[in-house]
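As structure tokens, the structure follows; a few thoughts come after it.
The values are calculated or read from the model by the stated rules, or taken from the named source; none is laboratory data. Computed from a predicted structure; not experimentally measured. With ideal geometry, Cβ positions are generated from the backbone for all residues, glycine too; neighbour counts draw on all protein chains shown. Ligands, DNA and RNA are excluded from the accessible area calculation, which covers all protein heavy atoms including side chains. Shrake-Rupley method; radii C 1.70, N 1.55, O 1.52, S 1.80 Å.
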Amino acid sequence: MKKILIFAACATLLASCGSKNQYVIEGKVDGANPVVYLFDQEENLLDSATVKEGAFRLKGEAQEPQIAILRDARDENATFTAMLLLEPGTIQISDDPDSPMRKRVTGTPANDASTEYADAGYRLIMEYRDSSTTEERRAAIEKEYEELAHLAVEQNRNNLFGALLLADQMSYELSGKELLDEIALFSPEMQQTKVLVNLKAHAQAKQKTDVGQPFIDVTAQDADGKELSLKSVVENPANKYILLDFWASWCGPCMGEVPYLKQTYDEFHKKGFEIFGYSYDNNRDSWLNAVKENQMNWIHVSSLDGFENQSAKDYAIQGIPTNFLIDHEGKIVAKNLRGEELYNKIAELLK
């Protein structure tokens, strides 16, 4: 009898451990194909299920919360695709009455939060576009929209959606130190997830390029194939402030910054302002043609390997354009100066 009780207790314990990370996906989608497929973020097939009268059910375990993609075909013949967050609990997939192309994903904390965030953003956008909305209200909507991500992160420190939102929506604007502080506010369990482990490594690298930190040297070839280092430009006595500018000819926002770069360079170059442009182009002709056609008459280098170079790692580049303003002592004094901000900052420093 004692052995039976011990065996029963062990079986109960194993069952509870096994179900700890268990998820169930239940869906009802009109017009769905006969089979639905569940993929991870890298498009690896995780599971599949048959569809009967639009209904389907999948069940499995995720060792930690993760992004997944559900669709009803493995090719372009899918009638729907839904992004969901795999986590313990029952996840519900249903049609969205307000948007035929979108599926509602609810039932667990991260998925509920993701859907609520999307709904709130959609409502603000629709109100903004409404012709009856006043300009005063539109200005308020812009502020509300900007705060939406910050509020959602605060409310979701214990689930994957909050971590993803911090990584995808807020990490660019935060300094390395600020980003590390944000990560520390998440639950201990969430800090062990791949999303926040990777984000922490990125933040630690980014912290080395925060304002006040010394610049990190980069070297690449100029238009003539000659190796040129940022250090040699910073150490040039004629240069009081150097803008390290990461850009590419294929990057629309980068090219949108060119008029502001030219305006600032033309006015302040003789007073000690220099630009060290590092292109993330892969094609030499595209890079040099952009420089020539736009009369970008400052220093240009490129390793012609896109983001696959040491500078992207050293400066924790998430996207371009990204820039760092360095003084003659080699200290970073500002980051990501866009539009008129660059002109105003250089005018202030060289007044």
What accessible area per residue, rounded to a whole number of Å², is obtained for the stretch 182-298 using a probe radius of 1.4 Å? 51
Can you give the FRET efficiency for ALA78 and ALA140, using 1/(1 + (r/R0)^6), R0 = 51 Å, r = Cβ-Cβ distance, to the nearest 0.05? 0.85
How much length would be gained if the chain were fully extended between LYS59 and ARG102, taking 0.36 nm per residue of separation minus their Cα-Cα distance, in nm to one decimal? 13.2 nm
Report which label in (1) 20.2; (2) 23.9; (3) 21.8 holds the value of Kirkwood radius over Cα pairs in Å derived from the coordinates of this structure. (2)
What does DSSP give for the chain in terms of the percent of beta bridges that are antiparallel, rounded to the nearest 5? 70
Using a Förster radius of 30 Å, what is the FRET efficiency between GLN295 and LEU174 based on their Cβ-Cβ separation? Nearest 0.05, please. 0.30
Let me cross-check ASP112: its accessible surface, 1.4 Å probe, with only protein heavy atoms counted, in Å² to the nearest 10? 50
When the chain is fully extended, how far beyond the present Cα-Cα distance does ALA120 get from HIS150, taking 0.36 nm per residue of separation? 9.5 nm
Rounded to the nearest 500, the 222 nm mean residue ellipticity computed for the chain from DSSP H runs (n ≥ 4, each -39500 (n - 2.57)) alone is -12000 deg cm²/dmol
Using r as the Cβ-Cβ distance of LEU45 and HIS269, and R0 as 45 Å, what FRET efficiency do you calculate, to the nearest 0.05? 0.20
Pairwise centroid distance, computed over Cα atoms, of the stretch 207-241 with the stretch 253-275, Å: 17
May I ask which of LYS177/LYS240; LYS270/LYS331; LYS226/LYS270; LYS28/LYS143 have a Cα-Cα span longer than 31 Å here? LYS28/LYS143
